[in-house]
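Bear in mind these aren't lab numbers, they're just calculated from the coordinates by the rules spelled out. Keep in mind that what you see is a predicted model, and the values were worked out from it rather than measured. For neighbour counting, all protein chains shown are included, and Cβ atoms are generated from backbone atoms with ideal geometry for every residue, glycine included.
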C-alpha cells in the first residue's frame, strides 16, 4: 500500500524548511499524521500541502483519527 509519492521525514523536512528530526518528532507525537512502514515514517503529500497552507500537524492527525485516512486527506 506504499505510495511512491509519499514523503520521508527527510524529504518532508526539505519541503517545509525544517529539520528531519523535527518532522520525525511530529510524526511520532501525532499518530495519524504519517504511517509507520518498515521502521520509517511515510507522510501523505496531502498532509505536507496542508502544513504548507498553515494547518497544524496535530489538527490533521486528529482529523485522520476521527474520520479515517481517506476522508481526511
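Laid out as a table, the results:
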item: Spacing of the two label points (7 Å from each Cα toward its C-beta) at residue 40 and residue 10, in nm; result: 0.7 nm
item: Relative contact order (%) - criterion: Cα under 8 Å, at least six apart; region: segment 9-72; result: 29 percent
item: Mean projected area in nm² (Cα convex hull; one quarter of hull surface) for segment 9-72; result: 3.9 nm²
